[in-house]
Amino acid sequence: KLLVLLRDGRKLLGLLRSFDQFANVVLEGACERVIVGDLYCDIPLGLYVIRGENVVLIGELDLEKEELPSRMNPVSEAEIKRAQKAEREATDLKGSMRKRMEFLDF
């Protein structure tokens, strides 16, 4: 079982079925793990082919160890999407406030 971190920040989990010298990877039973604060959701993707140029990191997961800390709470896909949107809006607001402060020379 692998965890694959992609260039766009997504995290994919799945069973390694194939790979090549370019780091192209085929995962079976793949899912995207979305984490926002203490919430997480595994979105099923099925059989998934990852182009090697998008891979940042590949790591093997120990099947006998717990994958996530106990403080993490599983939620539905709809809930995690709402949490992602709220987090993105908060980040955008913070960035716009910083620009205003720079304009005022603070």
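When residues in the stretch 43-68 are screened for being among the hydrophobic types (A, V, I, L, M, F, W, C), assigned to a loop (DSSP other than H, G, I, E, B) and within 16 Å of the chain's Cα centre (by Cα), 2 of them pass. Inside the stretch 30-54, can you point out the residues that are more than 16 Å from GLY9 (Cβ to Cβ) and of a type in the set (Ser, Thr, Tyr)? Result: TYR48, single match.
Of all residues in the stretch 32-41, those satisfying the criterion of being part of a strand (DSSP E or B) and either among the basic types (Lys, Arg) or open to solvent by 60 Å² or more (accessible area, probe 1.4 Å) (or both) are ARG33, ILE35. Taking every residue in the stretch 3-21 that is closer than 14 Å to GLY59 by Cβ and in contact (Cβ under 8 Å) with a residue 24 or more places away in the chain and pairing it with any residue that is open to solvent by less than 60 Å² (accessible area, probe 1.4 Å) and not in a strand (DSSP E or B), at least 6 positions away or on another chain, the pairs with Cβ-Cβ distances below 6 Å are LEU3/LEU61; LEU6/ASN54. Of the listed requirements (1) touching a Gly at 6+ places or on another chain (Cβ under 7 Å); (2) open to solvent by 90 Å² or more (accessible area, probe 1.4 Å), LEU63 misses just one: (1).
The values are calculated or read from the model by the stated rules, or taken from the named source; none is laboratory data. Computed from a predicted model, the values in this text were never measured in an experiment. So basically every Cβ, Gly included, is an ideal-geometry build from the backbone, and we count neighbours across all protein chains shown. Surface accessibility is based on the protein's heavy atoms, side chains included, excluding ligands, DNA and RNA. Shrake-Rupley method; radii C 1.70, N 1.55, O 1.52, S 1.80 Å.
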